[in-house]
Every structure is written in structure tokens, then in C-alpha cells.
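Just so you know, all these numbers are worked out from the coordinates, no wet-lab data involved. Since we're looking at a predicted model, the values are computed, not measured. Don't worry about glycine lacking a Cβ; one is built from the backbone with ideal geometry, like all the others, and counts go over all protein chains shown.
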Amino acid sequence: MTGRVSMQEREPTPPAPVAPLPPAVASPTAARRPRRAVLAVALVLVVVALLATGLAVAYGIERTSGDRAQPAVPTVPAPTVSRPPALRDLMPPTVRVGSAADGRGMSLDAGYRELLGSEFDAITPENAMKWANLEPSPDVYTWAGADQLVGFAEQHDQSVYGHTLLGRTDVPRWVDPQWSADQLRAVLRDHVTAVVSRYRGRVWAWDVINEALDEDGSLRDTLWLRKLGPGYIGEMFRWAHAADPGARLFINDYGVEGRTRKADALLELVRELRRAGVPVDGVGFQSHLRWDERPRDMVGNLRRFAKLGVSVAITELDVRIALPETAAKRERQAALYRQVLQACLAVPACVSFTVWGFTDARSWIPGYHPGYGAACIFDAALVPKPAHVALMDQLRRIPSPTGAGPGPG
Ligand code: G3I
């Protein structure tokens, strides 16, 4: 039994006495009619005034300081008023929704900037923080591109996901494979320390190491593995942690979204690192997917990582389509975007959901996967595709925290 009282249970209220209606003509109350007429006119005026105010608000008519209305030309409503709900508005507060961002797009394209700022609450620099770009010559840093992205994020109340302290393909050419292990360790340590220190407190998470595993799950055969041995991974995490103890430190890879052999190996690697006290806080699942594939048991896979005590994150999601693009392929693409979001939302340890660029105009896919394209959630003209609609729909299905049906939006 709840504490609520139903209408039937309440004591019935005695009906109020009904006054007889006044006769239409020659009534003693006829003297009140002029007052009623005045009241009626006043009421009409109030209604008209209210309607006018409503119209003025709807069409964005602003008042001048002299309180005179501007000519009744509908103006473009302020973006904050007219903007339809965006991904960042609907995503639960425990999950960041991000996009990789490209400095050139930001510099040249106002539409790109507008969407990047309004749809997402996190940004991953697509290339600007890669070692070869940050440190083109030994000890000579070019921070401008990375600073620009971090500044943009701060202006738009967004978090920055740093990518990446060590990538497979982005080591500067001046790093000489002939150097001794001590020399190589020193340049790697100095690089990690310089970059993480510069953005201390401004980057919420770092991909400390990207693509450390080969396809079969063995440690990738790199200069670092050969010269420094497998311990270089743990060392990188410790250097990064020393430079910014507040940053969340991730290991990030591809081909690990479903239950694959490589995912099994990554799980064991993270388990070992944690057992050894290495400050690994999270695992990033890149999620570069093809429209006609499905990761096997993604939810179960994310959960087994979460059980190690780490966060998990979707870090680079895109879904490439075999060209030509058709409506049917776009729908399957949308279903896959939705599935990955569902997996993230089903696992409480999932702290972010990031797409690898949001517009087909600037995706890496056509350059790297000939015959494929159209991988993003907005088309090249920045129009939302079915994939964006599917993500929004999925977010609208989240029950509100009060249990009163779907949440915001
Ligand atoms: O900016 C130069 C331009 O000046 C020059 O004319 C042109 C000629 O090739 O190159 C341009 O730079 C390219 C850059 O993308 C910007 O478009 C580089 O050559 C090209 O190698 C670089 O590719 C990036 C790739 O990583 C390699 O770093 C992609 O944009 C980027 O999306 C991709 O991102 C990776 C993640 O870091 C790790 N996970 C996989 C993901 C996709 O490959």
C-alpha cells in the first residue's frame, strides 16, 4: 500500500450551492453590464497582448533599449534556442561522447567547427598530438596544432582525449634505430614527460600506447620491443603517471572489439600489467568496422575487461561502406553504430564513446581503404545520416534516472 490517497478514498466534498442565472432583461443586476463589457474588452486585450508576445518570442523579435519592437521580420533564432538536441545532450553524464578532430577542418570550415562544438563533449586530436607532428626535430616541439585543439575544447566545455604518446606509425624519422637501448629509452621518456607535463590537468585521458599488439596477439615487433624488451610498455605508463597523476591512462588497439584471439591476448597483457602495479586505467577499443561485419559478443568482451578493474572506451569508431553507398547499406551501417553504442551503455565501466571523425568530408577511410568510404555519421555536406539518427534514438530510449520513462530529448 502506498502513501498515496486515491480520489475514491477521499471524503466527498459537499457540492457548492448553485446561484440561479440572472434573467436576460430588466434584472436588478443590469447596472453591472458596462463593467462586464469593460472586463471583456480588457480580457480580449490581454489575450491579444499575450499572443503578440508569443509571436515575438517565436520569431526572435528583440526589443531595443527604448523598448520598441523591431520590424516584424523573422530573424535567425539564436543557436542556443533553435539547436535541435545533439548527442552530447542525450548521452548519460557518465559517458563522454567524442570525435576525432582535424586541425585543418577546424581552421577552414565554420560548419565543421559548429558541429564539433555542439555535438560532442570530448575531442581526440586525430593527428596533432602524434610524436612525429609534435617533435619534428629532436627537442624542437611544435605545439600549435595541439594547443589549438585543446583551446577549442576548453572553449566548448569539452574534454580532451590525448592520442597518442606512442603510435605504431608516427615515430619521428630522427629517432635512430642504431641508438643504444639507453638512448632510446631516454628519448621516449623525455617525449612522454614533455607532452604529458605540458597538458597536465587539461587532458583527461591519454592513449599511452597504441597498437602494441600484432594481429595474432603477440607483442608487435617494433624498435622499442627489440631494444627495450617488453618492459617498455609498463615504463611508459609510469612516466606518464609521474607527469600527470590525474590523467587516465589507456592502452588502445584495433581488432579487439569482439572476442578475438587478439582481444584474449590484450586481456592477458592488461591483467599482467595491473598485477605488476602498472598504472593502466583503461582499455581503448578503436572499432574501425566494416558495414557488413559484427564484432562477436562485444558486450561480453567489454565486460571481461571491466572485471579487471579498468575503464573501457570506444575510441575510434567508424563504419566504412563498400562503395557505391546505398540506402540499404546506410541502414546497416546505422544498425552497427547503434550496436556499438548499446554495448558501451550496457557496461558501466564504459566511460567514453568516440567516433573517428564525424563527417564523410574528412574521413581517413578513402585514403586507406580503396573502394570504401562514407564511414561517418554526417555526410560530406554535414547532414546527419541514419547512423546519427540511430544513435540519437538509442539515447532517447535510456530510462530517465527517476524511472519515469525515457530520459531527455
Ligand atoms: O597533412 C599532410 C598534408 O600536408 C600532405 O599533403 C599529405 C600527403 O600525404 O599528408 C598529410 O598528412 C596525412 C595526415 O593523415 C593528415 O591527413 C598523413 O600523410 C597521413 O599519414 C595521416 O594519416 C593518419 C593516420 O592515422 C597515420 O597517422 C590519419 O589521418 C588518421 O586518421 C590515422 O589515425 C589512426 C589512429 O592514429 C590509430 N588508429 C587507426 C587510425 C586510422 O588509421
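By DSSP, the beta bridges lying fully in the range 83-396 are antiparallel in about 10 percent of cases. Sorting the segments 370-376, 135-141 by their residues' average number of neighbouring beta-carbon atoms within 10 angstrom, most packed first, yields 370-376, 135-141.
Sparse packing (at most 15 other Cβ atoms within 10 Å of the Cβ) combined with a DSSP loop state is found for the following GluC sites (Glu not before Pro) in the range 265-324: Glu293. With the simple model of a label 7 Å out from the Cα in the direction of the Cβ, Leu223 to Thr94 spans 4.2 nm.
In this structure, the pairs whose alpha-carbon distance is over 29 Å, taken from Lys262/Lys385; Lys307/Lys329; Lys130/Lys329; Lys262/Lys307, are Lys262/Lys385; Lys307/Lys329; Lys130/Lys329. Placing R0 at 60 angstrom, the Cβ-Cβ distance between Gln342 and Asp176 gives a FRET efficiency of 0.80 after rounding to 0.05.
With neighbours defined as other Cβ atoms within 10 Å of a residue's Cβ, the residues Phe353, Phe152 order from fewest to most as Phe152, Phe353. Inter-label distance, Arg274 to Arg396: 3.7 nm, where each label sits 7 Å from its Cα along the C-beta direction. For Lys227, the aspartates and glutamates whose Cα falls under 12 Å of its own Cα, not counting residues fewer than eight places away in the same chain, are Asp176, Asp182.
Dipole magnitude for the range 83-396: about 680 debye, using +1 per Lys or Arg Cβ and -1 per Asp or Glu Cβ, origin at the Cα centre.
Among Ser197, Ser352, the ranking by other beta carbons within 10 Å of each residue's beta carbon, starting with the fewest, stands as Ser197, Ser352. In terms of surrounding Cβ atoms within a 10 Å radius of their Cβ, His191, His163 rank from fewest to most as His191, His163.
Extension gain for the segment Val383 to Tyr368, taken as residue separation times 0.36 nm less the Cα-Cα distance, is 3.0 nm to one decimal.
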